Amino acid sequence: MSLHEREVTLKLKSRPLRLVYLIRNRDELMDAVTLYTHVWGGAANTIFPVPENEEEADTLRFALKSINPDYILVPREGIPSYVSQVLKQSTGLLRPISSPEVQRHIQSSRSDFLLLRDGTVSHIGLICQKLYPSGLNKSNICLVESGSAFDLEVALQCGIPSQPYRDYLVQYLAADVFSCPQTIEQLIKLSLLLPRSQVVILGLVTNSSELSDLFSVVADAAQNAQKRGIRVHLALNGKLHLWGSLDETEAGKVQLDQLLVDKSILPKGESVGELPQTYHFGISRATYNKNVLHRWEQEFSLTKTKEQDNKTHPGFTSEDVEASSSV
């Protein structure tokens, strides 16, 4: 058999879109988190601030080359010319975006999904319905109520689900809901309760010089959490304070082993390129003190999931569910 007559077998694997979202302020950061919460593979996508000078633009150029995104989501205005030049050199397609477009996309109506050159951005709620048509009786999905001074910190940990998507997760995928934290100590405890939280880094930016109480709270939490296999550190004004200590370290120079991450508990065999069926909702909590976790759950008034009803998914029309098969 000649070379051109030989059979070749290709194994193809679908993957989510690789997205990069450029932001200019806190509001746009929340928009990016909101969109990624509702996109298949969103947690693996990247958010970058719009560079403020040419040196930062060079850093963005290197990052884009490494990520090789499919699309780069950019503000509809306010992009400096030196940033535009970097974006033109990238292989990623530019897609201007605005807050109203994000809000329309997350409401689950297929007619309002973000348009791309070759289709639309997926909605994870519709994909989950195809994967779990009968729902789940148990999962490690945790949601947190909004309405505190720490909404941004909570959002960066567990996303910003829309009300229809939140209702779906609670009623059909057995998600639990925690009340919102009101103090830094509660925020740390809540971070430790969320699935996969083996390392918690509390990030703060402040001009205050009175920080002794902050270091004390973080250090106490770090000491108690360490006994249960959880690592707590403080990131203050761009510097990392391991275990809440007064000694500061350049964040970019910290290695994984310095955070004392137990690599054996990290998920294995997963990547952004795998099929959604291979994803799961958490790992074993064998390293946690269950009595302490239960006490904290009571402190946060854990809301138990409602009885499942597999007839109609909240917030999603039958037309949307039908159309999701082509997403």
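All of the numbers you see were taken from the coordinates with simple rules; none came from a lab. Worth saying up front: this structure is predicted, and the values here are computed from it rather than measured. So basically every Cβ, Gly included, is an ideal-geometry build from the backbone, and we count neighbours across all protein chains shown.
Miscellaneous remarks
- The packing ranking, built from the mean of other Cβ atoms within 10 Å per residue, places the peptides 62-70, 219-227 in the order 219-227, 62-70, highest first.
- Residues whose placed amide H lies under 5 Å from that of ARG231, excluding near-sequence neighbours: VAL199, VAL200
- Our estimate of slack between ASN137 and THR91, defined as 0.36 nm per intervening residue step minus the Cα-Cα distance, is 12.3 nm.
- Modelled FRET efficiency - R0 41 Å, THR249 with SER111, Cβ distances, 0.05 increments: 0.25
- Average projected area [Cα convex hull, segment 15-122], square nanometres: 6.4
- Potential lengthening of the chain between SER146 and PHE62 amounts to 26.6 nm, from the contour at 0.36 nm per residue minus the alpha-carbon distance.
- Using the average count of surrounding beta-carbon atoms within 10 Å as a protection proxy, the listed peptides 120-130, 144-154, 79-89 rank, highest first, as 120-130, 144-154, 79-89.
- In range of the label at LEU204: residues from segment 19-47 whose backbone nitrogen is under 12 Å from the point 7 Å along Cα→Cβ: none
- For segment 15-122, relative contact order (Cα pairs under 8 Å, six or more residues apart, normalised by length) works out to 28 percent.
- Modelled spin-label separation between GLU185 and LYS239, with each label point placed 7 Å from Cα along the Cα-to-Cβ direction: 2.6 nm.
- Between the amide H of ILE47 and those of TYR21, distances stay under 5 Å, these residues lying 5 or more places away or on another chain, with hydrogens modeled in the peptide plane.
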